[in-house]
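Computed from the coordinates by the stated procedures, all read-outs in this text should not be read as laboratory data. Bear in mind that the values here come from a model prediction, so they are computed numbers and not experimental data. Cβ: placed from backbone, ideal geometry, glycine included. Neighbour counts: every protein chain shown.
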Amino acid sequence: MSTLKNKRLDDSEFSTEQKEVLATWPTGADVDFYEAIEFQKSIPEEKRFSSALAEANKGRKTLIQPRAGVALLNEHIDLLQALSVEADLLPTTIDAYTRQNQYAEAQNGIQRSLEAGRSLLNGFPAVNHGLKSCRILANAIEKPIQVRHGTPDARLLTEITLAAGFTSYEGGGISYNIPYAKKISLEATLRHWQYTDRLVGKYEENGVRINREPFGPLTGSLVPPFISHTVAIIEGLLALEQGVKCLTLGYGQLGNMIQDVAAVASLRELADEAFNSAGYSGYQLTTVLHQWMGGFPEDESKAFSVIALGSAVAALSKATKVIVKTPHEASGIPTKDANLMGLKATRQMVSLLQDQSMLEIKRVIEEKELIKKEVKHLLAKVFELGDGDIAIGTVRAFQAGVLDVPFAPSIHNAGKLMPVRDNEGAVRILEKAKVPMLAEVVEVHQARIKQRADTEKREPNYQMLIDDIYSVGKGRLVGRPR
């Protein structure tokens with residue numbers, strides 16, 4: 001019988017586990033929590049993620065942040081320093097070996113990169129570099145830095161990077177399992193992320209605010225807003241229970257501007273309502289829009305149009321920050337120059353639209369209310385399945401197909417929910433499978449899909465979905481038949 005519950009970890013239990021976590025790899029031995037607290041307190045306010053987000057939120061400004069990470073310390077520092085000219089916030093993207101806790105392989109990757117004189121890893125292996133090197137990195141950069149990864153069990157990575165001076169940490173027990181892993185138990189990852197969130201909570205209790213950001217886009221492929229919102233809110237609730245006080249909830253751009261603006265706006269409102277209803281207060285809540293996560297055009301000029309569309313959504317929805325793509329998305333890991341081009345394009349669009357908003361447009365408001373209705377109904381069912389415990393309810397909801405993420409590789413995900421675009425490119429539900437939806441909401445989805453089917457003179461079917469998956473790379477949002 002599982003002991004997983006949405007309950008704050010006991011200090012004694014956490015302390016015992018912490019010793020085990022730090023013993024996982026030799027670099028863990030350098031971490032001293034109380035020394036780390038003092039170091040975090042010495043970090044200037046302008047380098048603290050939570051402070052930058054609070055200031056942006058207050059002024060209704062949208063900050064811009066790239067993705068970036070290479071294998072070697074000096075090269076990674078050079079990369080971030082170059083990007084800091086255009087970026088407001090900076091990342092350290094972690095390599096794939098570290099994400100799977102394969103530290104020996106990551107060490108080998110560092111050695112091979114040294115011999116080759118260039119990065120042969122797709123990110124920065126922070127655990128292997130250890131506290132001293134990660135702190136050199138944190139000290140060398142003059143802007144706030146976030147750890148971005150994709151790790152089901154991120155406990156050691158959290159310990160080392162927070163002790164080193166990173167002030168924001170991405171991920172969650174659902175969003176870094178279901179879209180990323182195949183066979184890992186959801187109960188296991190939820191418990192591992194309770195540890196990460198409790199560690200962040202302990203920093204908070206000692207006067208250090210660390211920003212936490214669940215990964216909003218999930219698979220990044222036609223994930224309906226109400227599914228990704230529900231997951232984000234669940235991960236927010238789990239984090240708050242462990243003492244986290246600074247949360248950034250995210251959403252991945254789908255392409256229809258009305259739906260995307262409504263989604264960002266509804267996410268903040270839904271989260272506030274859910275958190276307050278669960279008895280949490282005194283938290284700092286912000287939002288992030290992830291630019292298009294699907295296939296990109298190979299032509300750079302066309303790719304810039306996709307980047308600009310996402311930038312416009314972020315600005316017009318008043319997202320607190322936007323995660324920026326590059327014009328080289330279709331060709332592999334972007335270069336420094338490609339990253340800078342994406343940042344410059346985003347900066348220009350965000351600046352142009354800073355004083356404009358789409359939040360009061362009637363159709364945006366209508367779409368926002370539809371999303372809110374969908375999320376509330378689904379979230380209530382998850383609580384019901386857990387007899388009031390959101391952690392238990394989450395595991396049971398995935399087992400029952402009540403929570404279902406499109407195109408996720410996990411065997412613990414049903415994969416039966418079928419999204420498709422409507423005639424204007426908004427993502428609707430063609431087949432809801434076992435995901436609970438109100439009858440009146442289902443009717444809206446079916447009516448919107450029928451409008452497209454009538455336009456295209458074909459029946460609503462799976463081929464529509466296939467066409468939609470490849471459409472943006474071919475220059476269209478809706479996958480029209482030839």
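Extension gain, Lys41 to Gln356, is 109.7 nm, computed as 0.36 nm per intervening residue step minus the present C-alpha separation.
Full extension of the chain segment joining Asp32 with Ser281 gains 86.6 nm, where the gain is 0.36 nm per residue of separation less the Cα-Cα distance. Label zone (Ala116, point 7 Å along Cα-to-C-beta; backbone nitrogen cut-off 11 Å) within the stretch 77-104: none. How would the stretch 318-357 be classified by its alpha-carbon gyration tensor: rounded, prolate or oblate, with rounded meaning a/c under 1.5 and the a/b versus b/c comparison settling the rest? In terms of gyration-tensor shape, prolate.
Using only Cα atoms, find the angle between the long axis of helix 257-277 and the longest principal axis of the chain, and express it within 0 to 90 degrees, rounded to the nearest 10. Value to nearest ten degrees: 60. When +1 charges are put on Lys and Arg Cβ atoms and -1 charges on Asp and Glu Cβ atoms, the dipole computed for the chain relative to its Cα centre reaches about 920 debye.
Once the Cα atoms are used to define both axes, helix 390-400 deviates from the longest principal axis of the chain by about 50 degrees. Axis angle, to the nearest 10 degrees, between helix 225-241 and the longest C-alpha principal axis of the chain: 30 degrees.
Looking at the stretch 333-381, the GluC sites (Glu not before Pro) that sit in a DSSP loop and have at most 15 other Cβ atoms within 10 Å of their own Cβ are Glu360. Apply the a/c threshold of 1.5 to the C-alpha gyration tensor of the stretch 93-185 and tell me whether it is rounded, prolate or oblate. It comes out oblate by the Cα gyration axes. Which of the listed residues, Val441, Leu379, Val395, is farthest toward the dipole's positive end in the stretch 373-482, when Lys, Arg count +1 and Asp, Glu count -1 at the beta-carbon? Projecting each Cα onto the dipole axis, the largest value belongs to Val441.
Taking amide H as placed 1.01 Å from N in the peptide plane, Glu431 has its amide H under 5 Å from the amide H of Met418, each at least 5 places away in sequence or on another chain. Peptide packing: for 162-171, 240-249, the average count of neighbouring Cβ atoms within 10 Å per residue gives the ranking 162-171, 240-249, highest mean first. Annotation for Gln102 and Glu142: the two label points, set 7 Å from Cα along the Cα-Cβ direction, are 3.9 nm apart.
Measuring nothing but how far apart in sequence close Cα pairs (under 8 Å, 6+ apart) lie, relative to its length, the stretch 11-352 scores a relative contact order of 18 percent.
With the cut-off at under 19 Å, measuring from each backbone N in the stretch 86-116 to a point 7 Å along the Cα-to-Cβ line of Lys182 picks out 96-102. Near the amide H of His290, within less than 5 Å, lie the amide hydrogens of Tyr251, Gly252, Gln253, Ile323, all on another chain or at least 5 residues away, with H placed in the peptide plane.
Summed over qualifying helices (DSSP H, 4 residues or more, each -39500 (n - 2.57)) and divided by its residue number, the chain shows a 222 nm mean residue ellipticity of -16500 deg cm²/dmol.
For GluC sites (Glu not before Pro), the sites in the stretch 80-164 that DSSP calls loop and that have at most 14 other Cβ atoms within 10 Å are Glu142.
The residue list Pro152, Ser113, Leu137 was ranked by how far each Cα lies along the charge dipole of the stretch 102-206 toward its positive end, using unit charges on Cβ atoms, and Ser113 comes out on top.
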